[in-house]
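Everything on this sheet refers to the single structure shown next.
The values are calculated or read from the model by the stated rules, or taken from the named source; none is laboratory data. Fair warning: this is a prediction, and the values are worked out from it, not measured in the lab. Cβ coordinates were reconstructed from backbone atoms using ideal geometry, including for glycine residues, and neighbour counts include every protein chain displayed.
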Amino acid sequence: MITVPEATKKIILRSRYLAEAISKGIINNSSLARYIKPEIEEMLVKEVSNSAIIMALNRLSFEIKPKYSRKNIFKTPPDMILRSNLTLLNLVNSKSQEEKYSALIKLSSSRHFLTITKGPFETTMLVSNDLKEKTKGILENEEITKEIDGLSAITIQLPEEATSTPGIFYFFLKSLAWEGINVLEIISTQLELTLIVNGKDINRTYSILNSLFSKVGLES
């Protein structure tokens with residue numbers, strides 16, 4: 001039979017937000033106990049007192065520690081480049097598609113955005129709207145399963161230390177998820193992280209990311 005501490009730990013570890021807040025001591029355990037009490041009682045199939053849950057949470061606050069303590073690698077705010085009017089094309093992989101990559105790459109330039117991300121079964125392409133028809137022309141007879149217009153991208157230039165620092169993507173993504181920003185696609189090179197969002201969300205996305213590099217954000 002599962003115990004109160006076991007049920008509490010299972011719920012908390014399922015949410016990185018709660019686990020992080022508890023490890024930093026910035027959450028009210030009494031309020032949290034009331035919040036998770038219904039789920040714990042459902043798991044145990046019996047009533048449980050708030051005090052028992054609070055005791056379990058107090059114990060967890062000493063147990064939950066990140067395996068890695070994030071260090072600040074951003075001494076100054078990074079450069080961020082915004083692009084708008086992008087289209088996402090998702091395709092089923094094929095042999096003929098691969099033969100068209102060189103022609104697609106020739107379309108890209110400093111003024112035109114084009115990326116190709118190939119997985120085991122499907123490929124996603126992001127192109128500037130003014131390249132969409134040319135791209136689709138090259139991809140004639142290929143199976144395009146999804147096409148999404150009106151997207152925007154924000155590219156963050158990362159410092160050299162990013163390649164050896166865990167949690168860099170999480171640092172950005174958790175703040176966007178918390179604010180309800182849907183990231184449709186993530187593209188990365190060694191020192192660049194590009195996030196694709198709906199065009200209507202790009203200003204708020206930039207504002208949220210920029211706020212991470214205020215004095216408070218850099219020290220958190």
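Summary table below
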item: Residue ranges of helices (runs of 4 or more DSSP H) in segment 67-151 with at least 3 members out of contact with any Ser or Thr (no Cβ under 9 Å at 6 or more places or on another chain) and not acidic (Asp, Glu); result: 101-105, 132-138
item: Subset of segment 138-161 that is surrounded by 13 or more Cβ atoms within 10 Å (Cβ to Cβ) and out of contact with any strand residue (DSSP E or B) (no Cβ under 8 Å at 6 or more places or on another chain) - its residue that is nearest to VAL197 (Cα to Cα); result: PRO159
item: Yes/no for THR189 being within 20 Å of SER128 (Cβ to Cβ), assigned by TED's automatic domain parsing to the domain that holds LEU131, out of contact with any strand residue (DSSP E or B) (no Cβ under 8 Å at 6 or more places or on another chain) and modelled with pLDDT under 95; result: yes
item: Those residues of segment 188-202 which are without any contact (Cβ under 8 Å) to a residue 40 or more places away in the chain and in a strand (DSSP E or B), in sequence order; result: SER188, THR189, GLU192, LEU193
item: Residue satisfying condition, being more than 30 Å from THR194 (Cβ to Cβ), free of Cβ contacts under 8 Å to residues at least 12 places away in the same chain and in contact with a helix residue (DSSP H, G or I) (Cβ under 7 Å, 6 or more places away or on another chain), within set ILE27, ILE12, ILE40, ILE53; result: ILE27
item: Residue count, segment 73-99 (criterion: polar (S, T, N, Q), touching a helix residue (DSSP H, G or I) at 6+ places or on another chain (Cβ under 6 Å) and more than 30 Å from ASN129 (Cβ to Cβ)); result: 0
item: Flag for GLU185 being part of a loop (DSSP other than H, G, I, E, B), among the acidic types (Asp, Glu), in contact (Cβ under 8 Å) with a residue 12 or more places away in the chain and closer than 30 Å to ASN93 by Cα; result: no
item: Checking ILE11 against (1) closer than 30 Å to THR135 by Cβ; (2) in a helix (DSSP H, G or I), the condition it does not meet; result: (1)
item: Failed condition for GLU147, given (1) more than 23 Å from SER84 (Cβ to Cβ); (2) in contact (Cβ under 8 Å) with a residue 12 or more places away in the chain; result: (1)
item: Yes/no for LEU173 being crowded, with 18+ Cβ neighbours inside 10 Å, free of Cβ contacts under 8 Å to residues at least 40 places away in the same chain, in a helix (DSSP H, G or I) and not β-branched (Val, Ile, Thr); result: no
